[in-house]
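A short write-up of the structure that comes next.
The numbers here are math on the coordinates, done by the rules we state, and not lab data. Quick caveat: nothing in here was measured; it's all calculated off a predicted structure. Cβ placement follows ideal geometry from the backbone for every residue including glycine, while neighbour counts extend to all protein chains displayed.
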Amino acid sequence: MTIAHVMILALSGFAAGMVGALFGLGGGILIIPILVLLLKVPMHNAIATSLICVIATSSAAASRNVSTGTANVRLGMTLEVCTVVGAMLGGLLAGILHARTLMTLFGAAMLLMVVPMARGVDAEEGTGGELIPAGGEPEPERGFSRKLDGEYFDGASGSFVRYSVRRLPVAFGISSLAGVLSGLLGVGGGILKVPVLVTYCGIPMKAAAATSNFMIGVTAVASAFVFYGRGDVLPFLTGATAAGVFLGSRSGTSLSGRLQSGRLRKAFAMIMVITAAQMLWKAWRG
Amino acid sequence: MERKNTAVAYVLLTGVIVSFLLLAIGLTEAVLSGGPALVGVHGLRAIVHGLLRGDATSTIDAGLLVLMATPVLRVGVLVVEFIRSRETPFALISIVVLFLLAASVTIGVG
């Protein structure tokens with residue numbers, strides 16, 4: 001192993017971590033194409049590496065979001081039952097699928113994620129859902145879902161935001177699907193969960209993004225152990241990439257307030273389309 | 001801030017810092033020794049033995065295992081905190097998640 005190998009992998013991880021943090025992604029959607037298309041890493045090893053990197057970015061960001069109370073810990077734990085079961089199934093399924101099938105699925109999933117990506121899943125673009133202002137009365141008895149209601153301090157408005165969680169079965173359904181995708185393709189799945197939690201479950205964007213981020217570490221680890229057991233986690237490859245992701249995600253977080261713009265987001269969506277096409281092309285050609 | 005949030009944030013931050021340090025040390029060792037570390041060291045006992053010998057691959061593997069253990073530990077902390085605050089439904093949910101993760105660890109590490 002030379003310092004050049006470490007630098008190439010760490011820089012790849014750094015780029016994926018930084019761009020992921022800039023656009024509110026776990027980073028998996030970027031790491032896999034970099035590893036497979038540029039560094040010629042086999043698909044199963046790339047997915048395993050990506051899952052470990054998702055754990056790294058999630059844990060680092062979740063420690064902040066939990067401290068500030070933006071992540072809804074009770075809701076996150078409840079939905080994790082679905083994401084973890086989904087991720088374990090996805091991880092086991094990935095073991096029996098051919099690399100070309102996984103590449104095709106990844107390319108297709110990437111194309112599907114372009115629309116929510118272009119529209120934005122970060123906390124800066126509106127709150128979505130139904131907000132209950134601080135001091136307002138909560139809804140009457142709604143059974144278990146009432147225990148999941150949350151409250152956080154919104155720095156932008158300088159006030160507390162209280163919200164109720166609605167349509168819990170929808171949240172369970174999308175969490176299960178996100179879990180399967182995570183285990184199968186090595187992505188966090190937040191880009192799938194967050195818009196649904198906002199649009200259908202009445203959770204404000206900031207809380208939805210933070211809660212999703214809180215969950216994806218546990219989701220990823222459920223399938224990461226499955227990949228680890230199969231020997232798909234290569235320590236040098238994964239270690240160097242994860243170290244780069246740590247540093248990249250921290251840089252991206254500090255840059256996000258200054259650089260984020262709709263035009264940048266749309267440019268990145270275009271890059272995602274091109275990358276997805278390359279993944280599909282590689283899968284087709286073998 | 002709720003006590004459970006403080007505990008969870010502390011566990012996550014500590015896990016991230018410890019794993020990053022182990023990865024950085026292991027990668028530095030690997031670069032300095034120039035040896036390939038393409039195949040992992042499997043089994044906790046082998047990793048601990050390798051760590052004691054200063055083996056680069058074992059150090060990187062330990063960093064990866066600490067990283068993977070961090071979310072599991074976070075769920076464990078929430079089990080304790082929900083029991084302490086007598087939130088029975090969430091304590092039970094956390095125990096179910098912990099059980100599922102234990103099954104995943106059993107499949108993976110054995």
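Report the one residue of A:SER249, A:LEU112, A:PHE23 whose Cα lies farthest in the direction of the positive end of the charge dipole of chain A (charges on C-beta: Lys and Arg +1, Asp and Glu -1; origin at the Cα centre). After comparing all options, I get A:LEU112.
Hydrophobic, long helices, defined as DSSP H runs whose alpha-carbon span along the helix axis is 20 Å or greater and whose mean Kyte-Doolittle value is at least 0.0, occur in chain A at A:3-23, A:43-68, A:73-96, A:99-119, A:168-185, A:205-229, A:235-259, A:262-285.
Calculate, in nm to one decimal, what A:ILE96 and A:PHE153 gain on full extension: separation in residues at 0.36 nm each, minus their alpha carbon distance. Spell out each step's value before the answer.
On the way: separation 57, 0.36 × 57 = 20.52 nm, distance 4.56 nm.
Value of the extension gain: 16.0 nm.
Tell me, A:LEU247, A:LEU234, A:LEU79 in order of fewest to most beta-carbon neighbours within 10 Å?
Details: A:LEU247 16, A:LEU234 22, A:LEU79 31.
Final ranking by Cβ density, sparse to dense: A:LEU247, A:LEU234, A:LEU79.
For the pairs A:LYS206/A:LYS282; A:LYS206/B:LYS4; A:LYS147/A:LYS266, note any where the Cα-Cα span goes beyond 31 Å.
On the way: A:LYS206/A:LYS282 37 Å; A:LYS206/B:LYS4 20 Å; A:LYS147/A:LYS266 38 Å.
Long pairs (Cα-Cα over 31 Å): A:LYS206/A:LYS282; A:LYS147/A:LYS266.
Order by neighbour count: A:ILE271, B:ILE95, A:ILE203, fewest other Cβ atoms within 10 Å first, most last. Walk me through the numbers before you get to the answer.
On the way: A:ILE271 13, B:ILE95 16, A:ILE203 32.
Fewest-to-most ranking of A:ILE271, B:ILE95, A:ILE203: A:ILE271, B:ILE95, A:ILE203.
Across chain B, Cα pairs under 8 Å and at least six residues apart give a relative contact order of 30 percent. Scanning chain B for long hydrophobic helices, with DSSP H runs required to stretch 18 angstrom or more by C-alpha along their axis and to average at least 0.5 on the Kyte-Doolittle scale, returns B:3-33, B:56-84, B:88-108.
Relative to the Cα centre, what is the charge dipole magnitude of chain B, using +1 at the beta carbon of each Lys and Arg, -1 at the beta carbon of each Asp and Glu, and rounding to the nearest 20 debye?
On the way: 7 positive and 6 negative charges, 58 e Å.
Using only the charged Cβ atoms, the result is roughly 280 debye.
Panel order for A:CYS53, A:CYS82, by other beta carbons found within 10 Å of each beta carbon, from fewest to most: A:CYS82, A:CYS53. If contacts are Cα pairs under 8 angstrom and at least 6 residues apart, what is the relative contact order of the range A:155-261 in percent? In percent, rounded to a whole number, it is 23. Entry note, chain A: relative contact order of 39 percent, from Cα contacts under 8 Å with a spacing of 6+ residues.
Going 7 Å from the Cα of B:ARG84 toward and past its Cβ, which residues in the range B:1-35 have a backbone nitrogen under 20 Å from where you end up? Counting backbone N atoms under 20 Å from the label point, the list is B:1-16.
For every helix of n ≥ 4 consecutive DSSP H residues, a contribution of -39,500 (n - 2.57) applies; sum these over chain B, divide by its total residues, and give [θ] at 222 nm rounded to the nearest 500 deg cm²/dmol.
The helix-only estimate for chain B comes to -29000 deg cm²/dmol at 222 nm.
Our note on the geometry: Cα centres of the range B:45-110 and the range A:186-237, 17 Å apart. Computed over chain A, the per-residue total of -39500 (n - 2.57) for DSSP H runs of n ≥ 4 gives a 222 nm mean residue ellipticity of -24000 deg cm²/dmol, rounded to 500.
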